[in-house]
Structure formats: structure tokens, C-alpha cells
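Beneath this line is the structure, given in C-alpha cells, with notes to follow.
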Amino acid sequence: MNPSYTLAVAGIGKIARDQHLPAIAANPGFSLVACASRHASVEPVRNYPDLDALLAAEPDVDAVSLCAPPQVRYAQARAALAAGKHVMLEKPPGASVSEVEALRDLARAVGRTLFATWHSRYASAVEPARAWLASRTIRAVRVRWKEDVRRWHPGQQWIWEPGGLGVFDPGINALSIVTRILPRDVLLQAATLHFPADTFTPIAAELDGIDADGVPVRAEFDWRHGPVEQWEIDVETTDGLLAISEGGKRLSIAGQPVTLLPEREYPSLYERFHWLIAHRSEDVDVRPLRLVADAFLLGRRVEVEPFGR
Ligand code: NAP
């Protein structure tokens, strides 16, 4: 029989309510017993104003899922691992690559599971795309990940602060898919970052790189897009175009739509977390975050009109 683990969630905001709490409620392998949030609470579980208070009061909790913004991920994850908890990280797994690598080392040292999630990798199109591309000759990769920031992040200030990633907050979802479906790693060569005069993070970005075979990879991220999102990845191959759209909900190959399983990104994440704990394993892939870090290293900075935050 599958073991059941007690679980706590920290950072009860948009994604915790929209996705984590329903996915946990539907998973018999986890039992939600506590939450930590400064302003929010979840009924009927025990609630604490911060994670340190929760960890002090709940020595028997097996695992913690961290859903606050990335700037506090490291401190929360470190505290949870040090308290002996298995830890699941929302994306991005940290505000820097070094933080995530340090967490991976700590998790190994204390013998606990660390799961750095990339929810977009569980979109229905991703595994069929990966399987099809594995034996294809790729000619070019083009990513367009564009949306209206005012629609998707209303009132959120952390996205504009250092460590908040700006347009890379959604853009990293595309990079998590690209790094999963392409058979070879991508090296970034150039980037242009568009910074509003009143923010610390970019509102748009263009990235150019190559894979290990020299295949060009271009990504365009823009938060100033109209009401219809464009979350698309095209992979041109000698056998035709593989096109992912709607963030991974749709797939077509050589002009033919592919029938996909229904969307269940967050239920899949919790199934994976359960499996990792049960198998005393880990899943920490920093490559999407490393590409973002490389974009900040290589990026040509362009100032654009103030956002009006
Ligand atoms: P959010 O609603 O702004 O933040 C989540 C909660 O974290 C807040 O409600 C807040 O709760 C807590 N928090 C904020 N700043 C904090 C701080 N400095 N210290 C401790 N707690 C803090 O953000 P979100 O949209 O849920 O995003 C959170 C994470 O999920 C991000 O990494 C994001 O990339 C990821 N994500 C978001 C979405 C989405 O559609 N929104 C989708 C996928 C992944 P309290 O004030 O009650 O403490």
C-alpha cells in the first residue's frame, strides 16, 4: 500500500489556492495538516504566521510545499530541510542558481527529498513532443511566450523586485519545456532585456542561443501583450514542424493535431513528489534557471517606458 505523508504548505496566495490546495486534496498520498502564511489561513488545518513557527510546532509533519515568491524560497527551504522535512519548491526554485545548488547539497546531507518543480513540464504536449523529437533532425527552435502582466499578476510587486525575474517568471516555464523536449542542451549566446524605468526586472526579453549541434534557438518573452496569450514553441525538423501551443495544452506535428491527455499539471507534480519521497530520491534540474541567469549575464539592457507599478 502507498504510504501517506503529512504535508504543510507555506505561502497561501494565488498559486497555492488555484492549484496546490485542490491537487493535495485530490491526492490520497498526502494529508494537509498545516499552513504558514502571514495574512492568509486555510480551514480546517492548523495555521501559523510563518514557516519557522510551523516547523517549531509541527515536528511530525513529513513534507513542506513552498509557494511563496522566489525571493524567500532559499530561507524557507533551508529551514524546512534542517527540520528534517521533505521539500517541494514552486518554480522558480530560487532567486539564484547558487541557492538551488546549496539546497540540493543540504537535502542530500540530511537525507531528505528535494523536488524543484517545473509545472509546465507536466503539460500534456511535453512528453509526446519529447518522444517525437528524440529521433529527429532539428533545424531551428522558436519560442514566443507573451501575455498581459496586468491580467496574470495583478498587484504583485515581487515580480518587479530583484529576484522576482520579471518577464522570466512566465518565460522560465517555456525554458523548462525547451530543456525537457530537446535532445541536447541549449547554450545562450545573446539577450536583450527591456527594463521599464520604474522596475528592477525586465518586462520583455529576446534570447538567442544554440544547441550542442549549433541549431539556432530563439525565444521572445513579452509581458506587454494583448488579451490573448501566446504561449508557443515551434521546433522545425527535417520531418516537419512540431508546434506546441496554449502553454503545452496543444500539439501538432507536420500540420496534424496530436490527441493529448487532459491537462493535470499540479496533480502530476504531487504524484511525482510522493514517488520521490517514497523512493528516497530527488529531482532538481537547474537548467531553466541557469538560462535565465545567463540572460542576465549576457543581456543588453534597453530602457523602456515606465510600467506604472
Ligand atoms: P502571490 O500570490 O503574490 O504570493 C504567494 C503568497 O506568498 C502571498 O500571498 C504571501 O502570503 C506569501 N508571500 C509573499 N511575499 C512573501 C514574503 N516576502 N515572505 C513570506 N511570504 C510571502 O504569488 P503567486 O502568484 O501565488 O506565486 C508564487 C510562486 O508560484 C511564484 O514563484 C510563481 O512563479 C509561482 N507560480 C505562480 C503561478 C500563477 O499563476 N500565479 C503559476 C505557477 C507558478 P502571506 O502574505 O499570507 O504570507
Qualifying residue in segment 254-261 (condition: at pLDDT below 95 and either farther than 26 Å from Thr117 by Cβ or part of a helix (DSSP H, G or I) (or both)): no
Filtered residue count, segment 110-144, keeping only those that are crowded, with 21+ Cβ neighbours inside 10 Å and among the basic types (Lys, Arg): 2
Subset of segment 58-91 (residues that are within 14 Å of the ligand (Cβ to nearest atom), assigned to a helix (DSSP H, G or I) and either in contact with a Ser or Thr (Cβ under 6 Å, 6 or more places away or on another chain) or open to solvent by less than 10 Å² (accessible area, probe 1.4 Å) (or both)): Pro70, Arg73, Ala77, Ala80
Selected residue (only one of Ala190, Ala174, Ala140 is at pLDDT 95 or above, closer than 27 Å to Pro306 by Cβ and assigned to a strand (DSSP E or B)): Ala190
Test for Leu182: is it more than 23 Å from Val304 (Cα to Cα), aliphatic (A, V, I, L, M) and away from the ligand (no atom under 16 Å from the Cβ): yes
Cβ pairs under 7 Å, 6+ apart, first in segment 66-84 and outside the structural domain of Trp158 (by TED's automatic domain parsing), second near the ligand (Cβ under 7 Å from one of its atoms) and open to solvent by less than 30 Å² (accessible area, probe 1.4 Å): Leu66/Gly11; Leu66/Glu90; Cys67/Gly11; Cys67/Ala16; Cys67/Glu90; Ala68/Gly11; Pro70/Pro92; Gln76/Ala68
Looking only at segment 11-28, and only at residues there that are more than 11 Å from Val42 (Cβ to Cβ) and open to solvent by less than 60 Å² (accessible area, probe 1.4 Å), the one that is farthest from the ligand (Cβ to nearest atom): Asn27
Residues of segment 146-160 that turn out to be buried (at least 18 other Cβ atoms within 10 Å of the Cβ) and either in a helix (DSSP H, G or I) or out of contact with any helix residue (DSSP H, G or I) (no Cβ under 7 Å at 6 or more places or on another chain) (or both), as a count: 5
Among (1) at pLDDT below 95; (2) assigned to a helix (DSSP H, G or I), the one test that Ser268 misses: (1)
Residue within segment 86-100 that is out of contact with any strand residue (DSSP E or B) (no Cβ under 8 Å at 6 or more places or on another chain), modelled with pLDDT of 95 or more and within 30 Å of Leu242 (Cα to Cα) present: yes
Test result for Gly94, more than 16 Å from Ala16 (Cα to Cα), within 14 Å of the ligand (Cβ to nearest atom), open to solvent by less than 30 Å² (accessible area, probe 1.4 Å) and part of a loop (DSSP other than H, G, I, E, B): yes
Qualifying residue in segment 40-56 (condition: closer than 22 Å to Gln156 by Cβ, out of contact with any strand residue (DSSP E or B) (no Cβ under 8 Å at 6 or more places or on another chain) and open to solvent by 30 Å² or more (accessible area, probe 1.4 Å)): no
Residues located in segment 29-57, provided they are more than 15 Å from the ligand (Cβ to nearest atom) and part of a loop (DSSP other than H, G, I, E, B): Gly29, Pro44
Subset of segment 286-309 that is assigned to a loop (DSSP other than H, G, I, E, B) and open to solvent by 30 Å² or more (accessible area, probe 1.4 Å) - its residue that is modelled with the lowest pLDDT: Arg309
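The values are calculated or read from the model by the stated rules, or taken from the named source; none is laboratory data. As the structure is a computational prediction, the values presented were derived from the model and not from experiment. All Cβ positions, even for glycine, are placed from backbone atoms using ideal geometry, and neighbour counts span all protein chains on display. The accessibility values were calculated without ligands, DNA or RNA, using every heavy atom of the protein model including side chains. Shrake-Rupley method; radii C 1.70, N 1.55, O 1.52, S 1.80 Å.
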